[in-house]
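**Q** I'd like to ask some things about the structure below.
The values are calculated or read from the model by the stated rules, or taken from the named source; none is laboratory data. Because the structure is a prediction, the values reported are computed rather than measured. Positions of Cβ are generated from backbone atoms using ideal geometry, with glycine treated the same way; all protein chains shown enter the neighbour counts.
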Amino acid sequence: MKSGLTSICIISFILILLATNEVDGRTWHVPAEIPTIKQAVEDSAAYGDTVIVAPGLYDTVSGEIFPINLSDGVILMSASGASVTTIDAGTTNGVIRCMSCGPSTEIIGFTIAGGRAQNGAGIYCEQSQLVIRDNIITNNTAISTTGGGGGIFCANSEPTITHNTISDNTSQNRFGGGIYNYFSYALIEHNTVANNVSQWGGGIFNDNSSPLIQYNIIKGNHSILSGGGLDCFMNSSPDILANVIIGNSAGTNGAGIACCYSCSPLIQHNTIACNFGEYGGGVRSLGNSSPTVTSNIIVDNVDGLYLTNDSDIMTANENNIYYNSYQPGDHDVVNNIYLPIDITNNFWWVTTVPSISSLIYGPANFEPFHANPPASTPNEPSSVISVTAMTDTTYTVPLSANLEIDDTVYIQLNGVDWHNGLYEPALVILKTGNDPYGIAVALIETDTASGIYQGRAIVSTTSDDARNHIGADQNDTLFIISNIDDTKCDTVFIGSTGIHGEREISNNPAICRTTIISGPLYLPDENRYRLYDITGRTVQMAELRRGIYFLEIDGLIVNKVIKVN
């Protein structure tokens with residue numbers, strides 16, 4: 001009897017040890033204990049284990065063989081973060097594959113690069129629920145003619161993709177340069193998805209998938225055909241919430257968000273700006289799709305909402321929709337199907353029914369103007385402190401030199417944030433003597449609640465509002481004017497000589513820097529400005545040319561410009 005009891009005790013103790021090991025797992029160190037990541041995750045680690053990788057480059061030279069097949073329940077993480085720990089497949093294959101991996105499986109803190117595969121060149125995920133967190137997934141190429149996913153491919157999966165930078169990936173023949181979801185219900189949040197390229201869906205492509213896509217920055221992605229930022233395709237109805245979708249482009253249409261073939265996404269609380277293609281810069285719907293577009297700010301796109309000949313009814317309420325685009329003859333809303341489109345309760349920046357009617361083709365229900373947009377809707381700042389031309393992408397030094405044609409002007413606006421939980425835009429209007437009407441440029445907030453908005457435009461020979469090009473002549477003056485407060489502005493001289501001296505910015509109506517004029521000085525509004533020289537004497541306007549008053553007294557020193565109401 002005693003022997004039997006002892007045996008039972010021993011067995012129980014072993015079971016306790018096994019259970020404890022399953023919960024706590026074991027930690028494996030690469031390369032200190034195991035030379036390669038592949039050996040660690042495929043041969044050594046088991047469910048509940050963690051593989052910690054030291055800083056370094058892990059490629060074919062270091063002994064890696066690709067793809068690395070991650071086992072279920074294994075946490076693969078770097079010791080010191082993605083900036084110093086790189087897994088590079090050197091175009092030999094995809095980088096990491098996950099098959100039937102549960103939610104305890106994680107990939108954390110790597111630069112994942114150099115993948116080349118049919119699908120999922122960076123990370124391939126099938127029938128899995130893994131977590132992909134804090135990685136830089138870049139320069140991977142999917143070559144499939146039926147699938148894609150240069151950065152990440154998710155098939156029949158529910159992964160969590162969070163706090164990653166997914167950039168410069170390519171799906172060269174088909175879908176999803178950054179991320180491709182296929183029958184997938186991913187959680188995609190707090191990522192930067194930037195500068196990815198594909199035929200369709202440059203940033204994120206959804207095929208029969210309805211993921212939750214929220215709090216991401218989706219910028220600078222390009223589709224050869226349609227869906228530059230995001231593409232919803234074939235019964236895909238994702239929730240697209242509180243993202244910044246900016247500066248994406250499409251060779252044909254749907255540069256911001258494209259909806260194709262029986263898709264009904266919820267598009268809410270997003271900033272959608274500066275997206276351009278042939279049409280459908282903001283949200284484009286076709287193929288019996290019915291997006292619900294609510295409480296977004298949709299500004300400075302080639303157009304805001306676009307319905308084509310086989311769309312279904314679109315609902316768009318409580319949005320800020322204006323300056324899509326700013327040029328005369330362009331439209332905020334294009335309805336080519338002549339079906340009712342519910343666009344009630346939007347904020348249009350215009351005050352009369354005829355003004356709105358001129359923007360809309362086909363029947364529409366609308367209210368003409370909201371002086372007080374909903375507090376939950378992204379918006380421009382509630383007030384503006386200053387507008388300043390800056391030297392470069394660091395936005396640290398105000399510009400004091402001149403600009404030439406083909407230069408970039410970097411612009412920073414300081415203001416009071418409208419919504420503390422969202423990234424939002426602030427618009428500036430750029431005007432010159434060449435283009436007195438000007439263009440609108442959306443600057444994007446540097447962080448939620450920062451009140452600092454940054455962006456750029458190109459000084460060109462002719463204006464192209466969709467691409468933020470402002471037309472200018474040699475010896476021209478560029479005015480950068482806040483959209484919501486035109487007393488806040490900055491000026492830049494275009495030419496090899498002209499503006500020198502110190503900047504003067506004030507909360508008063510003084511709006512221009514100290515300036516030495518060596519050619520015409522263009523002012524954007526008739527009879528609204530008074531100029532003072534360095535002695536304090538008033539300098540009178542000269543004459544009207546191209547709709548703008550200007551001075552052509554070479555060498556005149558202008559100390560400040562005051563707006564006259």
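**Q** For Ser236, work out the one condition from (1) farther than 20 Å from Gln129 by Cα; (2) not assigned by TED's automatic domain parsing to the domain that holds Arg116 it doesn't fulfil.
**A** Condition (1) is where Ser236 drops out.
**Q** Go over the candidates Thr92, Thr111, Thr145 one by one and state the one that is within 22 Å of the chain's Cα centre (by Cα) and β-branched (Val, Ile, Thr).
**A** Thr111
**Q** Counting just the residues of region 41-66 that are touching a residue at least 24 places away in the same chain (Cβ under 8 Å) and of a type in the set (Ser, Thr, Tyr), which one comes out nearest to Ala82 (Cα to Cα)?
**A** The qualifying residue nearest to Ala82 (Cα to Cα) is Tyr58.
**Q** Might you check whether a residue that is of a type in the set (A, V, I, L, M) and under 25 Å from Ala54 (Cα atoms) occurs anywhere in region 141-149?
**A** no
**Q** Among the residues of region 267-282, write down those that are within 21 Å of Asn235 (Cβ to Cβ) and either at pLDDT below 95 or not hydrophobic (A, V, I, L, M, F, W, C) (or both).
**A** Gln268, Gly280
**Q** Filter region 469-494 down to residues that are hydroxyl-bearing (Ser, Thr, Tyr) and in a loop (DSSP other than H, G, I, E, B), then give me how many there are.
**A** Of the residues in region 469-494, 1 are hydroxyl-bearing (Ser, Thr, Tyr) and in a loop (DSSP other than H, G, I, E, B).
Conditions tested, residue by residue: (1) surrounded by fewer than 15 Cβ atoms within 10 Å (Cβ to Cβ); (2) among the aromatic types (Phe, Trp, Tyr); (3) on the phi > 0 side of the Ramachandran plot.
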residue: Asp43; (1), (2), (3): yes, no, no
residue: Gly48; (1), (2), (3): no, no, yes
residue: Tyr58; (1), (2), (3): no, yes, no
residue: Phe66; (1), (2), (3): no, yes, no
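**Q** Please work out which residue is farthest from the chain's Cα centre (by Cα), limiting yourself to region 330-385 and to residues that are among the hydroxyl-bearing types (Ser, Thr, Tyr) and modelled with pLDDT of 80 or more.
**A** Thr344
**Q** Quick one: would you say Asn206 is touching a residue at least 24 places away in the same chain (Cβ under 8 Å), surrounded by fewer than 24 Cβ atoms within 10 Å (Cβ to Cβ) and not in a loop (DSSP other than H, G, I, E, B)?
**A** no
**Q** Just need a number here: residues in region 320-333 that are surrounded by fewer than 21 Cβ atoms within 10 Å (Cβ to Cβ) and touching a residue at least 12 places away in the same chain (Cβ under 8 Å).
**A** Here the count works out to 4.
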